[in-house]
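See structure below.
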Amino acid sequence: QDKKFTIGVSIPAADHGWTSGVVFHAERIAKKLMEEHPGLNVIVKTSPDAASQANAVQDLDTQGIDALVILPSDPDPLVNAIKEVKAKGKYVALVDRAPSTNDDSVRDLYVAGNNPALGEVAGKYIASQTPDAEVVIIRGLPIPIDQQRQDGFDKGIAGSKVKVLDRQYGNWNRDDAFKVMQDYLTKYPKIDVVWCQDDDMAVGVLQAIEQAKRTDIKYVVAGAGSKDMVKKVMDGDKMIPVDVLYPPAMVGTAMELTAAGLYDQVPVRGTFVLDATLVTKDNAKDFYFPDSPF
Amino acid sequence: MSVNEETREIRRRPWRDIDLRAVAPFAALILLLIVGAMVNPNFIGITNLANVATRCAFIAIIAVGATFVISAGDLDLSVGSMVAFVASLMILLMNSGVIADPTLMLVAAVLFTLVAGALCGLANGLITTVGRIEPFIATLGTMGIYRGLTTWLSQGGAITLRSPDIQTLYRPAYFGSILGVPVPIVVILAVTAVAAFILYRTRYGRHVVAVGSNSDVARYSGIAVNRVRTIAFVIQGLCVAIAVLLYVPRLGSTSATTGILWELQAITAVVVGGTALKGGAGRVWGTICGAFILELVGNIMLLSNFISEYLIGAIQGAIIIIAMLVQRSLVRKS
Amino acid sequence: MSVNEETREIRRRPWRDIDLRAVAPFAALILLLIVGAMVNPNFIGITNLANVATRCAFIAIIAVGATFVISAGDLDLSVGSMVAFVASLMILLMNSGVIADPTLMLVAAVLFTLVAGALCGLANGLITTVGRIEPFIATLGTMGIYRGLTTWLSQGGAITLRSPDIQTLYRPAYFGSILGVPVPIVVILAVTAVAAFILYRTRYGRHVVAVGSNSDVARYSGIAVNRVRTIAFVIQGLCVAIAVLLYVPRLGSTSATTGILWELQAITAVVVGGTALKGGAGRVWGTICGAFILELVGNIMLLSNFISEYLIGAIQGAIIIIAMLVQRSLVRKS
Amino acid sequence: MSVDSVDAAPVVLSARRICKSFSGVQVLFSVNFDLRAGEIHALMGENGAGKSTLVKVMSGFEQPSSGEILLDGEPVVLPANGAAEALGIVLIHQEFNLAEHLTVTESLYLGREVTRFGILHRKHMRAETRKALDLLGSHVDENAIIGTLSIADKQMVEIAKAISRDARVVIMDEPTAVLSREETNFLFRQVRKLRDKGTSFIFVSHKLDEVMEITDRVTVLRDGQWVKTAPTAMLDGESIAQLMVGRELSSLYPTKVEPNVDEEIVLRVEGVSTGYVQDASFEVRKGEIIGFSGMIGSGRTELMEAIAGLRVRASGEVVIRGETVLSGDVHAANRAGLAYMTKDRKSKGLLLRSGMMTNLTLQSLGQHSLHGYLSPSSEAKALATARRRFDIRVRDTNIVAGRMSGGNQQKLLLAKVMETEPEIIIIDEPTRGIDVGTKQQIYHFISALARDGRSIIVVSSEMPEVIGLCTRVAVMREGRIVGVLEGEEISEQEIMRYAAGLKKKAA
Ligand SMILES: Nc1ncnc2c1ncn2[C@@H]1O[C@H](COP(=O)(O)OP(=O)(O)OP(=O)(O)O)[C@@H](O)[C@H]1O
Ligand SMILES: Nc1ncnc2c1ncn2[C@@H]1O[C@H](COP(=O)(O)OP(=O)(O)OP(=O)(O)O)[C@@H](O)[C@H]1O
Ligand SMILES: [Mg+2]
Ligand SMILES: [Mg+2]
């Protein structure tokens, strides 16, 4: 156990709830791994955007890492930077977001969050519960993962009579979601369901609905599995009957697999796809972590 | 020569000039209201306009403070992160439960927030004036500091007001209304009236404008230039604190992303309202008009049915430019 | 009277002032290098410093353009979104395959990018000068427009360079090196040298500074003020285009979030480099020094492993303020 | 209109029936003006008579509302973009027209930079600039930044800029207002030299002796109307003054009143040194008017600013009415009753974009406010009083300070400082650009203040002013007080001797 290894972890900066969860879990697992393996050094670095994440990867490389775990803020722009590291024979684990070419030339391990599934599960749920609902959507930021979720959603509701009234960007931000929802409420006299794609934004959505005292909205579907929303599901809140899981803890999974690969010499390779589980009242307690910041 | 006769004749002219310039933002506002009414009939409904006015409260109040700073020839980029920081402190205090009685606790938290805002402003002011650093850089630095401290306080996540008692007690501060007028609108008007009074009717207000238009002249006139500038930053901090007082009851929580880019919006509101970035003239009422215009543009975009969500940003930018061109042509024609 | 004696004595004064002021950013840089060396022994390695210099290329080159705009008394907030927009156009052109031969295609795309950048800059310039809108607002508007158009072009997703041929051909433009020096560093130096030449050694450069210092005086001296300002915006656009030429081979892809907040970084680099935001003086070499300082601060943060992730922003802000204070105290002591 | 047309040289530049209004207010009424080749033509008139406006119209900086400008008999249109300069007409502005960030050389060549292969020929331009400055006897460094120059030096740069352009017509709007006699002599030498080569000059000035000395003809304006044009030889100072003011002038200076020897000492300056000023000591008694004379850059302004707390002192003590004031503390000096009036009204004195009222009360807002709340009516009253007291003439009461005529700006500045009702007043160039009529008023005003028990320090480059007004005169040279003259000693020759360093006396 005295073998010395260094794992570099590059993740996006905590710029909204989900990413803050990522940072939380990355730090948590880093500490845990370093306790388990005294020779192991895990360096966690956060970056606000793709360009600076490319820099961070370079800087980690400079510090002499043996393996890189990366959750790219925007995958395509980072492919080149990741390839640089990979080309030096380092072990690379890619988390969550896949670039357009996602093969062995880019990474050794791919722990995939399933963005299309996140949309699809939400869409299917809505289509099954309220087959002719009129839905408004609040999107995130205009980047590919957001697009993938939208496409997934459209697939989920395909064939049903669910009608999408509008989609606008809420930037994964509570305040912006509040505004967008207020305007939806002004614009549409009748809304059945809101899909807001992210738990952070759901906070703003719920406040806007409450303020307008509108009763036509049957429920809100968000996603990611933040403790607040999971709690609501657990408590049987009418407005939040379900949540779609997209666990920020997946970065920890990747880190653990990577460490295992380094120490046990078991080549951990390939693709692990995490499910976008539907959190319901029945299974909610399994996904409730009260001391996570997210 | 008959000075009096001349005087009378002349007096009217420049008034027309000045008025038009002050009125221009309001003309742009009216234009927008007309456009909005054409886009969506719900637009001119009381509810919608009240919604818009209410939610422009944060930016409007911050921008009123920015009017002071900008009039004095400075700039404050840290306001957005200051909102996040001060709001976090406020919620943490209320969560700490040091005072058992919710009402007392709320009062203490409000006072604390005002003090915290003023101190943040003071820090900006001192670094800029005593440290003699360009305000752009100084406040960019404190922007990083306040935002970083917020992220650290929240450990990257959200800080949520826990006590339901305080929450119920505090909620009306944003969602309530006084004589049918939503509280935030009342607060905007009150803050602006006080600010206008200070800027136009007090010695300090004169000094602000003098310092902003020529700090040498101000110095030679015995004005304590650094003190005037520092106080402007403190006023900005107080305005941020007031915005926080409205912000916290709305969502009951903050995170490291609270208030991102609000500084840019506040400065834009000030400039759209007719205050020049070079300093030396402040238009407080124009500023809140500017804040309202910005919020309206976003609102119209969302209520319109024919614009792709991808293009909203582009159209928004174009509308701002067009609104300014309309203002310009109005002033020029005078 | 001993006129000559006096003259000699006085003549030295202003020169000493100027020199120290120009040297100050470099002093701050050296300070940072020392701090960095203490934080992590890898820091002063050639590889690391070359890495930092290489990746500050985008901001540095954009900031060189911003030096012109700011010297002329204007401001350009649209550069970050202009990068996204121009880069998107460039990749789309290369993906379109209108020219079969990859080399020819690349050449065409490079030329096209330069033209596109210049046109974007021209648009900014014309709206500001002919439209007579405050540059802050005008470029805030075009910022929204360019960013919105990018979102629309990418349909909310990413735009990725597809042809592997072009990619291999183009890659060395960022990753290659000339005589051991990475290409981006060569480009930075070349761009800065040309810019310094234009600003200090040509008539146009003089006019830029004169316009920024006092546009009335410039106009009365027969200088076409609006033309000078517009050209400064075009130069800014060209610099953005050059940054794009380096950006595309590095990341091979853009999205609507490319270049967000780069405008702030570029302006910061300019100001840290010693150019005043009020216009009237440009320091091109100081600017790239400023860009390098900013990148170094980030690098030191990343290489130091004892600072909480959450506090990085705060420390970064504090370092910038301290670096400026060091500069100031240096200049004052002179 | 023209009085004499005998043996006249051809007319180079002329104004025909020029009318000019600013937003509806007419300031020039059908004015005619002829400038002949190789003549120096004085343009005179009270403050606000329209002199500056007329010369601006003739050099393209303002467009006439009606009327035309003829160059060599041909009508020309002169847009405000340097077109006039291209035709050989240059104007030295009353209010400087220099960009603060540029160097002296850059300013001199702005808009007509010399290039070689597209590259600025900096060495050449520097050398030429040096030459131009040397011709004027100016020691200004050609590499100095304009913003760091004193206004006298800026004036020299403006003059050098104009003269170095090989112009056919040079228009000088009060070029000597801030120059001392010595510098003026240098300037006149140059002007005569150029005149003899055929250059024509328009010379705007309020200094009658200079007009008598150098000009060939005089034109007088009153309230925007042409009054008279005549050869200088046919006039004398008094008749010009009478033409301008429209009434006869009694004696310019009031009778001097010397304070009692045992009168209280209100200001004691001991061993004050700043960067440039060395070891300056002097005392001022209650009711005394003391003058400070010296060449440009002798350090008078710097000393006064150090006394007023506007500049930090390296050493020395300043005691104002028994109270020792700290270095660099303007407030303490103000509170102790000392006020300083700058001579740099454009960049240190007035807010050019604000109106008269804002400017007037800026320094004394405390008097117009209760607990910081301003009383507009009290301010308006103060403005009315000040306008009467200092004869501030504007045709438009809402005009911003930057658009007032130079002399009226000066009066406003004086009024502003007087608003603070100081016990000790330091006035730097009290009558810069003020017409004879008002000058007389101001002198009497100063004298009345002194009789009232106030003490006044007059810093002036106009020696007659210092001599006519002061009971004691200190002379500075290279940062030191080299002599203090009293009573009979005060004379132009004596002051010159000290100022030039030919004589020295321990203070
Ligand atoms: N740009 C302007 N806008 C409005 N009024 C102006 C402007 N320029 C000058 N005036 C007015 O025109 C009148 C004449 O001013 P002018 O400067 O020509 O006087 P002057 O004869 O040069 O006086 P002085 O001896 O004080 O310099 C003044 O009443 C002045 O206020
Ligand atoms: N030989 C010198 N060495 C250094 N500085 C000098 C010298 N001569 C003049 N100066 C500068 O010139 C300034 C002195 O000008 P000041 O304005 O005090 O003189 P002044 O007598 O009022 O003349 P002016 O008519 O130019 O105002 C000082 O600030 C000083 O820095
Ligand atoms: Mg004049
Ligand atoms: Mg002086």
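The values are calculated or read from the model by the stated rules, or taken from the named source; none is laboratory data. As the structure is a computational prediction, the values presented were derived from the model and not from experiment. Cβ placement follows ideal geometry from the backbone for every residue including glycine, while neighbour counts extend to all protein chains displayed. Side chains are part of the model used for accessible areas, which takes the heavy atoms of the whole protein and leaves out ligands, DNA and RNA. Shrake-Rupley method; radii C 1.70, N 1.55, O 1.52, S 1.80 Å.
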What helices in chain B pass both tests, a Cα length along the helix axis of 30 Å or more and a mean Kyte hydropathy of -1.0 or higher, using whole DSSP H runs? B:3-39, B:102-129, B:225-251, B:312-333
Starting at the first residue of segment A:247-254, write each ³J(HN,Hα) from the Karplus equation 6.51 cos²θ - 1.76 cosθ + 1.60 with θ = phi - 60°, in whole Hz, x for Gly and Pro. x, x, 5, 4, 5, x, 4, 4
From the C-alpha gyration tensor of the protein assembly as shown, pull out the three semi-axes of the equivalent ellipsoid (sqrt of 5λ each), sorted largest to smallest, in whole Å. 65, 34, 31
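Using a Förster radius of 51 Å, what is the FRET efficiency between A:ASP237 and B:LEU189 based on their Cβ-Cβ separation? Nearest 0.05, please.
Values: r = 37 Å, r/R0 = 0.72.
With a Förster radius of 51 Å, E is 0.90.
Just checking the output field for C:155-165: average partner chain Cβ neighbours within 10 Å of each residue's Cβ?
Working: counts 4, 14, 11, 12, 1, 8, 1, 1, 0, 1, 0.
For peptide C:155-165, the averaged partner shielding equals 5.
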Angle between chain D longest axis and helix D:151-163 axis [Cα atoms, degrees, rounded to 10]: 10
Interchain or sequence-distant (5+) residues whose placed amide H lies within less than 5 Å of the amide H of A:LYS45 are A:VAL9, A:SER10, A:ILE11
Could you give the accessible area per residue of the protein assembly as shown, probe 1.4 Å, as a whole number in Å²? 37
Using Cα centres only, tell me the gap between segment D:344-361 and segment D:319-337 in whole Å. 24
I'd like the FRET efficiency for B:ASP165 and B:TYR200, computed as 1/(1 + (r/R0)^6) with the beta carbon distance as r and R0 of 35 Å, rounded to 0.05. 0.25
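Average partner chain C-beta neighbours within 10 Å, per residue of B:128-139? List each step's numbers first, then the result.
Details: counts 0, 0, 0, 6, 7, 8, 9, 2, 8, 11, 5, 2.
So the per-residue partner count for this stretch is 5.
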In degrees, nearest ten, helix D:376-390 long axis to first principal axis of chain D (Cα): 70
Just how far, in whole angstrom, is segment D:105-129 from segment D:460-496 if you go by their alpha carbon centroids? 41
Helix A:50-62 sits at what angle to the longest principal axis of chain A, using alpha carbons and giving 0 to 90 degrees rounded to 10? 20
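Could you compute how fast segment D:351-420 diffuses translationally, taking Rh as the Kirkwood radius over C-alpha pairs and applying Stokes-Einstein at 10 °C with viscosity 1.306 mPa s? Give it in µm² per second. Write out the running numbers ahead of the final one.
Values: Rh = 12.0 Å.
For the chosen part, D equals 133 µm²/s.
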Roughly how much of B:TYR200 is accessible, in Å² to the nearest 10, using a 1.4 Å probe? 100
Under 13 Å from the Cα of B:LYS278, which aspartates and glutamates turn up, not counting those fewer than eight places away in the same chain? B:ASP74, C:ASP74, C:GLU134
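Using the structure shown, list the pairs from D:LYS131/D:LYS228; D:LYS256/D:LYS346; D:LYS123/D:LYS348; D:LYS207/D:LYS348; A:LYS124/A:LYS179 with a Cα-Cα distance above 30 Å, or answer none. Mind dumping the intermediate values first?
Working: D:LYS131/D:LYS228 39 Å; D:LYS256/D:LYS346 32 Å; D:LYS123/D:LYS348 34 Å; D:LYS207/D:LYS348 24 Å; A:LYS124/A:LYS179 27 Å.
Going by Cα-Cα distance, D:LYS131/D:LYS228; D:LYS256/D:LYS346; D:LYS123/D:LYS348 fall outside the 30 Å limit.
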Counting only other chains, and only Cβ atoms inside 10 Å, what mean value do you get across the residues of C:211-224? 6
Radius of gyration and Dmax for segment D:203-349's Cα atoms, expressed in Å? 21.1, 57
With every protein chain left in place and a probe of 1.4 Å, what is the accessible surface of D:GLU213, to the nearest 10 Å²? 80
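Which values, in whole Å and largest first, are the semi-axes of the equivalent ellipsoid of segment D:3-245 obtained as the square root of 5 times each eigenvalue of the Cα gyration tensor?
Largest first, segment D:3-245 gives 30, 20, 17 Å.
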Of B:ALA314, B:ALA210, B:ALA60, the most mobile residue in a GNM of chain B (C-alpha springs, cutoff 10 Å) is B:ALA314
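How big is the convex hull of the Cα atoms of chain A, per residue, in Å³? Walk me through the numbers on the way to the answer.
Values: hull volume 35.3 nm³, N = 294.
It is 120 Å³ per residue.
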On a straight-distance basis, which aspartates and glutamates could pair with A:LYS218 in a cross-link, Cα separation under 12 angstrom, same-chain partners fewer than 8 positions away excluded? A:GLU134, A:ASP192, A:ASP237
Please list, or write none, the aspartates and glutamates whose alpha carbon is within less than 12 Å of the alpha carbon of A:LYS32, excluding same-chain residues fewer than 8 places away. A:GLU256
Separation between the C:ALA224 and D:ALA83 pseudo-spin-labels, each 7 Å from Cα along Cα→Cβ, expressed in nm? 1.5
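Using a 1.4 Å probe and counting only protein heavy atoms, arrange D:ARG403, D:ARG268 so the residue with the most accessible area comes first. Don't jump to the answer; show the numbers that get you there.
Working: D:ARG403 185, D:ARG268 75 Å².
Correct descending sequence by accessible area is D:ARG403, D:ARG268.
Show that you can apply the helix-only estimate: for chain D, add -39,500 (n - 2.57) for every DSSP H stretch of four or more residues, divide by all residues, and state [θ] at 222 nm to the nearest 500. Numbers along the way, then the final one.
Details: 16 runs with 156 residues, N = 507.
Estimated from H runs of four or more residues: -9000 deg cm²/dmol.
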A student asked for the Cα radius of gyration and Dmax of segment B:46-331 in angstrom ought to give 19.0, 59
Under 5 Å from the placed amide H of D:ARG480, counting only residues 5+ away or on other chains, we find D:GLN278
If one computes the Cα centroid of segment C:165-186 and of segment B:133-186, what distance in Å separates the two points? 47
Sorted by chain and number, the residues with a modelled amide H under 5 Å from that of D:HIS121, at a separation of 5 or more or across chains, are D:VAL114, D:THR115, D:ARG116
Cα extents of segment A:196-282 along the three principal axes, largest first (Å): 60, 24, 18
